[in-house]
Amino acid sequence: MSTGFGPKGYWDQRFASAGFVYGEQPNDFLNEHASGLKAGQALCLAEGEGRNAVFL
């Protein structure tokens, strides 16, 4: 594991904790606009821990 230097080390350190970094609820933007989306499939790229993908 990296010592925290550089971009890789930053993200390794940030996501190494046992808890959720950004919480378990979807972000505010998605929460406010999801009702306007049609039902179907969604492709969630660069989702981090996946909270928005799980919400959808």
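Would a scan of the range 35-50 turn up a residue that is surrounded by 11 or more Cβ atoms within 10 Å (Cβ to Cβ) and not in a loop (DSSP other than H, G, I, E, B)?
no
Of everything in the range 24-34, what is surrounded by 12 or more Cβ atoms within 10 Å (Cβ to Cβ), out of contact with any Leu (no Cβ under 9 Å at 6 or more places or on another chain) and part of a helix (DSSP H, G or I)? Give them in sequence order.
Filtering the range 24-34 down to residues surrounded by 12 or more Cβ atoms within 10 Å (Cβ to Cβ) leaves 25-27, 30-31, 34.
Restricting the remaining residues to those that are out of contact with any Leu (no Cβ under 9 Å at 6 or more places or on another chain) gives 25, 27, 31.
Residue satisfying the conditions is ASN31 alone.
Within the set of pairs 6 or more residues apart or between chains, which connect a residue that is of a type in the set (S, T, N, Q) inside the range 8-31 to a residue that is modelled with pLDDT under 95 with Cβ atoms less than 6 Å apart?
Within 6 Å, the pairs are GLN13/GLY4.
The values are calculated or read from the model by the stated rules, or taken from the named source; none is laboratory data. Not measured: the values here are computed from a predicted model. Cβ atoms come from the backbone with ideal geometry, glycine included; neighbour counts cover every protein chain shown.
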